[in-house]
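Enquirer: The structure's right below; bear with me while I get my questions together.
The values are calculated or read from the model by the stated rules, or taken from the named source; none is laboratory data. Remember, predicted model here, so these are calculated numbers, not experimental data. Cβ placement follows ideal geometry from the backbone for every residue including glycine, while neighbour counts extend to all protein chains displayed.
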Amino acid sequence: MARVKQAVFKFKPFSLKQKKILSWWLPESPVHDMDGIIADGAIRSGKTVSMALSFIFWAMESFQEENFAMCGKTIGSFRRNVLMVLKLMLRSRGYKFKDHRADNLLEVSRKGFTNYFYIFGGKDERSQDLIQGITLAGLFCDEVALMPESFVNQATGRCSVDGSKFWFNCNPAGPAHWFKLNWINVSTGYLSKEDIDKAISEGKELKNILYLHFTMDDNLSLSEKIKARYRSMYTGVFFKRYILGLWIAAEGIIYDLFCNSKEDFIIDKAPPIISAVIGIDFGGTGSAHSFTLTGFTPGMREVVVLDEYYHNNKEKGRLSPAELDAAFVDFAKRAKVKYKVHDVYCDSAEQTLIEGLTIAAAKARLGVEVKNAIKGPINDRIAFYNSLMAQGRFKILKHCKATISALENAVYSDKNPVKDERLDDGTTNIDSLDSMEYSTESVQDSILYLGMRG
């Protein structure tokens with residue numbers, strides 16, 4: 001039986017900034033005595049690959065039989081975005097490792113000794129409890145701007161071994177984000193000597209951290225064609241953050257590209273559709289019930305809003321559960337006459353109403369599965385639709401007037417400068433946006449990936 005070939009990582013030339021990441025901690029480096037490093041900036045700029053690899057190199061050269069933490073927003077995202085490639089790189093460099101998935105532990109060995117790298121997820125305030133009690137010789141946080149400050153503070157507080165260091169990388173968020181204010185803005189590797197002297201004289205607490213800012217030009221493995229493709233994928237605040245790498249506030253109109261060129265997105269007739277999904281948002285007394293039928297063209301090239309149902313409870317009176325079930329059955333039957341529809345994603349906060357729809361669907365023999373919507377971060381859903389619009393891959397039929405109006409009037413709230421929040425005070429139609437987003441949320445990553453492939 002032929003042996004299965006193991007995947008081999010083929011290294012590309014490193015840029016100057018990547019080389020700085022790989023070498024800053026070496027004894028001959030002028031900044032080797034700093035307590036850590038921050039690498040922020042654009043997506044696809046090569047910071048994660050070099051940070052993860054350098055973190056392991058540093059740990060294996062500096063310590064033996066010690067514990068380290070490697071953190072992502074979730075354990076799953078860290079394994080997918082960092083660890084998968086990191087293991088290939090380590091194997092190609094002669095390191096041996098054992099991945100204990102049940103314990104989320106990576107044992108890395110070389111020259112007869114081993115270090116232990118525990119994997120943690122820092123998605124919410126409760127995550128800090130997971131890392132309590134462990135003594136660490138080093139910490140690596142991938143996408144640290146997506147983690148709560150309490151988790152990072154708990155993790156850095158566990159680094160009590162002499163010589164321990166912190167490693168952070170992220171894409172930018174808003175300028176008032178806690179990591180920008182409390183880490184980047186007070187890092188001595190970021191401030192000029194004059195600013196450091198001034199800060200010290202004012203009694204400010206500075207962090208002895210090296211700061212490096214990345215753009216896509218710092219990733220030598222990207223061709224100009226690929227960089228142009230990524231630049232075309234974003235608009236507005238997402239272009240400024242993901243492409244320019246700026247810490248900039250989200251403010252004003254959310255879908256500015258849609259508002260400025262509606263004729264590029266609103267269509268009279270649907271293109272060929274291979275499948276469609278229904279998204280449902282349930283409304284309270286002061287909001288609306290909204291159903292959205294979203295279709296996909298061959299290859300998921302385009303996302304098309306095909307139909308909608310919108311009932312404003314405040315203006316028209318609240319529907320009874322039976323009336324809501326009847327409206328759903330009618331909407332689903334209308335959809336299935338034209339399209340292949342098998343999945344319905346509902347606002348998971350209303351389990352009683354979901355159960356009612358499930359029973360109604362079964363009685364009407366609709367042949368659809370009623371599920372809970374994922375309800376991930378709203379900003380991920382916003383970024384998805386902004387990206388589709390920037391690529392010209394979003395369309396909406398002109399009779400979907402409630403959704404068109406919702407897209408036109410969606411704005412960021414200015415109440416909390418620390419968070420990117422969509423205004424939801426009853427003055428705009430959030431319900432149509434939610435149901436539209438629920439319909440695509442389960443496949444949005446795949447759709448964006450297909451767009452990246454061109």
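Enquirer: Considering only the range 8-59, state which residues are among the aliphatic types (A, V, I, L, M), over 30 Å from Lys225 (Cα atoms) and buried (at least 20 other Cβ atoms within 10 Å of the Cβ).
Expert: Passing the criteria: Met34, Ile37, Ile56, Ala59.
Enquirer: Hey, among the residues in the range 110-123 that are part of a loop (DSSP other than H, G, I, E, B) and touching a Ser or Thr at 6+ places or on another chain (Cβ under 9 Å), which one's surrounded by the fewest Cβ atoms within 10 Å (Cβ to Cβ)?
Expert: My answer is Lys123.
Enquirer: Looking at Ala362, Ala349 in this structure, which one is small (Gly, Ala, Ser), under 31 Å from the mean Cα position of the chain (by Cα) and loosely packed, with under 15 Cβ neighbours inside 10 Å?
Expert: The unique qualifying residue is Ala349.
Enquirer: Right, another one. Just the residues that are part of a helix (DSSP H, G or I) and of a type in the set (Lys, Arg), please, taken from the range 228-275. Give the derivation first.
Expert: If we filter the range 228-275 for residues that are part of a helix (DSSP H, G or I), which is where we start, we get 228-231, 236-243, 256-260, 262-264.
Result: Arg229, Arg231, Lys240, Arg241, Lys262.
Enquirer: Strands (runs of 3 or more DSSP E) wholly in the range 1-100 with at least 1 residues that are within 22 Å of Ile184 (Cα to Cα), among the aliphatic types (A, V, I, L, M) and touching a residue at least 12 places away in the same chain (Cβ under 8 Å) - which ones?
Expert: 36-41, 67-72
Enquirer: Yes or no: His342 under 29 Å from the mean Cα position of the chain (by Cα), assigned to a strand (DSSP E or B), of a type outside the set (Asp, Glu) and surrounded by fewer than 19 Cβ atoms within 10 Å (Cβ to Cβ)?
Expert: Against the criterion (under 29 Å from the mean Cα position of the chain (by Cα), assigned to a strand (DSSP E or B), of a type outside the set (Asp, Glu) and surrounded by fewer than 19 Cβ atoms within 10 Å (Cβ to Cβ)), His342 qualifies.
Enquirer: Can you name every residue in the range 254-288 that is among the polar types (S, T, N, Q), closer than 25 Å to Tyr345 by Cα and at pLDDT below 95?
Expert: Matches in the range 254-288: Thr285, Ser287.
Enquirer: Sticking with this one: So, Ser160, is that one outside any strand (DSSP E or B) and surrounded by fewer than 13 Cβ atoms within 10 Å (Cβ to Cβ) or not? Can you show your working first?
Expert: Details: outside any strand (DSSP E or B): yes; surrounded by fewer than 13 Cβ atoms within 10 Å (Cβ to Cβ): yes.
Considered against the rule, which asks whether it is outside any strand (DSSP E or B) and surrounded by fewer than 13 Cβ atoms within 10 Å (Cβ to Cβ), Ser160 comes out as yes.
Enquirer: Does the range 274-290 contain any residue that is in contact with a Leu (Cβ under 7 Å, 6 or more places away or on another chain), under 15 Å from Val341 (Cα atoms) and in the same structural domain as Ile374 (by TED's automatic domain parsing)?
Expert: yes
Enquirer: Would you be able to say whether some residue in the range 134-154 is assigned to a helix (DSSP H, G or I), in contact with a Gly (Cβ under 6 Å, 6 or more places away or on another chain), of a type outside the set (A, V, I, L, M) and under 17 Å from Gly72 (Cβ atoms)?
Expert: yes
Enquirer: Further question on the same structure: Going through the range 20-64 one residue at a time, which ones are closer than 20 Å to Arg110 by Cα, under 24 Å from the mean Cα position of the chain (by Cα) and of a type outside the set (Phe, Trp, Tyr)?
Expert: Across the range 20-64, the qualifying residues are Ser50, Met51, Ala52, Leu53, Ser54.
Enquirer: Does any residue in the range 324-348 that is within 11 Å of Ile278 (Cα to Cα) come within less than 8 Å, Cβ to Cβ, of a residue that is of a type in the set (Lys, Arg) and surrounded by fewer than 22 Cβ atoms within 10 Å (Cβ to Cβ) six or more places away or on a different chain, and which pairs are these?
Expert: Asp343/Lys371; Val344/Lys371; Tyr345/Lys371; Cys346/Lys371
Enquirer: Evaluate the following for Tyr255: is it out of contact with any strand residue (DSSP E or B) (no Cβ under 8 Å at 6 or more places or on another chain), closer than 22 Å to Ile404 by Cα, touching a residue at least 24 places away in the same chain (Cβ under 8 Å) and not β-branched (Val, Ile, Thr)?
Expert: yes
Enquirer: Another question, if that's okay. Name the one entry in Leu433, Leu388 that is under 30 Å from Glu149 (Cβ atoms), buried (at least 16 other Cβ atoms within 10 Å of the Cβ) and either of a type outside the set (A, V, I, L, M, F, W, C) or under 23 Å from the mean Cα position of the chain (by Cα) (or both).
Expert: Result: Leu433 is the single residue among Leu433, Leu388 that is under 30 Å from Glu149 (Cβ atoms), buried (at least 16 other Cβ atoms within 10 Å of the Cβ) and either of a type outside the set (A, V, I, L, M, F, W, C) or under 23 Å from the mean Cα position of the chain (by Cα) (or both).
Enquirer: May I pose another question? Can you confirm whether the range 297-305 contains a residue that is surrounded by fewer than 20 Cβ atoms within 10 Å (Cβ to Cβ) and more than 26 Å from Asn386 (Cα to Cα)?
Expert: Checked against the condition, which is being surrounded by fewer than 20 Cβ atoms within 10 Å (Cβ to Cβ) and more than 26 Å from Asn386 (Cα to Cα), the range 297-305 yields no hits at all.
Enquirer: A follow-up question, please. Consider the range 315-339. How many of its residues are touching a helix residue (DSSP H, G or I) at 6+ places or on another chain (Cβ under 6 Å), over 17 Å from Met436 (Cα atoms) and either buried (at least 19 other Cβ atoms within 10 Å of the Cβ) or among the aromatic types (Phe, Trp, Tyr) (or both)? Walk me through how you get there before you give the answer.
Expert: Keep residues of the range 315-339 that are touching a helix residue (DSSP H, G or I) at 6+ places or on another chain (Cβ under 6 Å), which gives 321, 325, 328-329.
Of the ones still in play, those that are also over 17 Å from Met436 (Cα atoms) are 321, 325, 329.
Within this subset, residues satisfying the condition of being either buried (at least 19 other Cβ atoms within 10 Å of the Cβ) or among the aromatic types (Phe, Trp, Tyr) (or both) are 325.
Within the range 315-339, residues that are touching a helix residue (DSSP H, G or I) at 6+ places or on another chain (Cβ under 6 Å), over 17 Å from Met436 (Cα atoms) and either buried (at least 19 other Cβ atoms within 10 Å of the Cβ) or among the aromatic types (Phe, Trp, Tyr) (or both) number 1.
Enquirer: Taking the stated definitions as given, is Gly133 in the same structural domain as Met34 (by TED's automatic domain parsing), modelled with pLDDT of 95 or more and surrounded by fewer than 20 Cβ atoms within 10 Å (Cβ to Cβ)? Quick ask: steps written out before the conclusion?
Expert: Working: in the same structural domain as Met34 (by TED's automatic domain parsing): yes; modelled with pLDDT of 95 or more: no; surrounded by fewer than 20 Cβ atoms within 10 Å (Cβ to Cβ): yes.
In short, no.
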